[in-house]
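Everything on this sheet refers to the single structure shown next.
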Amino acid sequence: MRRALGLVVALAVALVGCGGGGSDDGSANPLPEITLALDFTPNAVHAPIYAAVREGLDRGAGVRLRIRAPGSSPDSLKDVLSGATDMGILDIHDLGLAAIKGKNIVAVGALVQRPLAAIVTVGDVRRPRELEGRRVGVSGLPSDPAVLDAVMREDGGDIREVEQVTIGFTAVQSLVSGKVAAVPVFWNAEGVALRERGVAVREFRVDDYGAPRYPEVVIVCRRETLERRGEDVRAVVEALAAGIESVRADPGAAVADVVKAGGASEALVRAQLDAVTPIYGTALRRDVLEAWADWDVEFGILERRPDLGRAFALESP
């Protein structure tokens with residue numbers, strides 16, 4: 001086992017036998033626990049996490065992973081910073097914003113290796129620059145105008161010619177109803193949902209229009225957690241990498257996991273899983289992150305580049 005218990009605990013366990021607190025293999029030493037907060041309602045991006053727990057891949061790596069599903073207002077960053085959880089799942093742009101504010105947060109891995117942001121359109125809009133003179137729905141998050149600007153600019157369009165309408169998080173409804181001609185959304189989530197509803201959409205992914213292929217969804221913890229429990233943190237990333245392979249080998253079980261955890265329909269989860277499975281990956285590469293930081297500053301998501309050496313664990317923790 002990875003850790004030895006103290007003599008008193010060992011004696012106590014010997015007296016009471018295997019009951020209460022032993023590890024899965026029946027030995028006296030309990031596995032260390034790591035609680036992981038999700039960033040959103042369980043969906044296909046999270047499938048490797050659930051697979052890791054279902055298959056015992058976390059225990060095989062030397063930890064017991066506990067998944068904390070979000071409430072009505074997901075805030076995995078707050079959960080991690082407050083110490084409510086040991087680790088969390090976070091959008092890379094939110095990590096960047098926290099880092100330049102001096103928050104004690106560090107990414108130790110990723111779940112996907114490409115951006116998920118896209119401009120999705122309906123009707124006669126065939127290319128991004130044709131959004132000039134149209135209404136585009138934005139949620140109010142700073143990343144929405146940035147994505148719209150980047151995609152349009154790469155196609156020779158001008159975001160200043162677009163009427164931006166704040167629609168909150170009603171992108172699918174606003175697009176289907178014709179309230180807007182386009183929305184910045186995640187192509188793996190709302191984009192798939194629209195297609196599953198039979199809506200004829202065009203999709204302009206941000207990395208097809210000049211953005212680097214950065215890891216959109218990252219795994220984070222507090223820096224002191226990394227320094228104090230680096231072995232456990234590494235074990236979680238290892239377990240999630242194994243979870244990715246499990247999802248690829250048995251997508252049906254992964255779909256069942258996510259349906260049970262998140263409540264979405266099996267057809268929708270299966271379609272979303274098909275969309276994201278090719279881009280799963282835990283790697284963090286400095287060259288990719290350098291390009292991401294430059295892009296985020298250029299399009300106004302971040303006011304300045306974060307210190308990549310502090311915001312990301314670019315070597316094994």
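The values are calculated or read from the model by the stated rules, or taken from the named source; none is laboratory data. Keep in mind the model is a prediction, meaning the values are calculated, not measured. Virtual Cβ from ideal backbone geometry, glycine too; neighbours counted across all protein chains shown.
Test each condition in (1) over 21 Å from LEU81 (Cβ atoms); (2) buried (at least 17 other Cβ atoms within 10 Å of the Cβ) for PRO215 and report the one that comes out false.
Condition (1) is where PRO215 drops out.
Give me the pairs, please: first residue somewhere in the stretch 38-50 and under 18 Å from ARG64 (Cβ atoms) and touching a residue at least 60 places away in the same chain (Cβ under 8 Å), second residue anywhere and assigned to a helix (DSSP H, G or I) and of a type in the set (Asp, Glu), beta-carbon distance under 8 Å, and either six or more positions apart or on two chains.
TYR50/ASP257
Please give the helices (runs of 4 or more DSSP H) falling wholly within the stretch 1-75 in which 1 or more residues are within 28 Å of ALA275 (Cα to Cα), among the aliphatic types (A, V, I, L, M) and at pLDDT 95 or above.
Per the criteria, 47-54, 57-61.
Looking at ILE279, ILE301, which is the one that is over 14 Å from GLN113 (Cα atoms) and touching a residue at least 12 places away in the same chain (Cβ under 8 Å)?
Going through ILE279, ILE301 in turn, just one is over 14 Å from GLN113 (Cα atoms) and touching a residue at least 12 places away in the same chain (Cβ under 8 Å): ILE301.
For the subset of the stretch 75-93 comprising residues that are touching a residue at least 24 places away in the same chain (Cβ under 8 Å) and among the acidic types (Asp, Glu), which member is surrounded by the fewest Cβ atoms within 10 Å (Cβ to Cβ)?
ASP91
The rows are residues; the columns are (1) outside the structural domain of GLY168 (by TED's automatic domain parsing); (2) within 19 Å of the chain's Cα centre (by Cα); (3) closer than 21 Å to VAL247 by Cβ.
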| position | (1), (2), (3) |
| --- | --- |
| GLY56 | yes, no, yes |
| ALA61 | yes, no, yes |
| ARG68 | yes, yes, yes |
| LEU77 | yes, yes, no |
| ASP91 | yes, yes, yes |
| VAL108 | yes, yes, yes |
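Please state which one of ALA99, ALA118, ALA107, ALA150 is touching a residue at least 60 places away in the same chain (Cβ under 8 Å), outside any strand (DSSP E or B) and in contact with a Phe, Trp or Tyr (Cβ under 8 Å, 6 or more places away or on another chain).
ALA150
Do any residues in the stretch 123-137 that are in the same structural domain as GLU163 (by TED's automatic domain parsing) and free of Cβ contacts under 8 Å to residues at least 40 places away in the same chain have Cβ atoms under 7 Å from those of residues that are loosely packed, with under 15 Cβ neighbours inside 10 Å and of a type outside the set (D, E, K, R), where the two are at least six apart or on different chains, and which pairs are they?
What qualifies is ARG129/GLY156.
Tell me, which residue of the stretch 198-212 that is touching a helix residue (DSSP H, G or I) at 6+ places or on another chain (Cβ under 8 Å) and among the aliphatic types (A, V, I, L, M) is surrounded by the fewest Cβ atoms within 10 Å (Cβ to Cβ)?
Within the stretch 198-212, the match that is surrounded by the fewest Cβ atoms within 10 Å (Cβ to Cβ) is VAL199.
Output the residue which, of all residues in the stretch 304-313 that are surrounded by fewer than 16 Cβ atoms within 10 Å (Cβ to Cβ) and in contact (Cβ under 8 Å) with a residue 24 or more places away in the chain, is farthest from GLU227 (Cα to Cα).
The residue in question is ARG304.
Given the condition modelled with pLDDT of 95 or more, closer than 30 Å to PRO32 by Cβ, crowded, with 24+ Cβ neighbours inside 10 Å and in contact with a Leu (Cβ under 8 Å, 6 or more places away or on another chain), answer yes or no: does some residue in the stretch 178-197 qualify?
no
Any chance you could count how many residues in the stretch 256-269 are crowded, with 20+ Cβ neighbours inside 10 Å and within 17 Å of SER246 (Cα to Cα)?
3
Can you tell me which residues in the stretch 282-293 are in contact (Cβ under 8 Å) with a residue 12 or more places away in the chain and of a type outside the set (Lys, Arg)?
Selection gives THR282, ALA283, LEU284, VAL288, LEU289, GLU290, ALA291, TRP292, ALA293.
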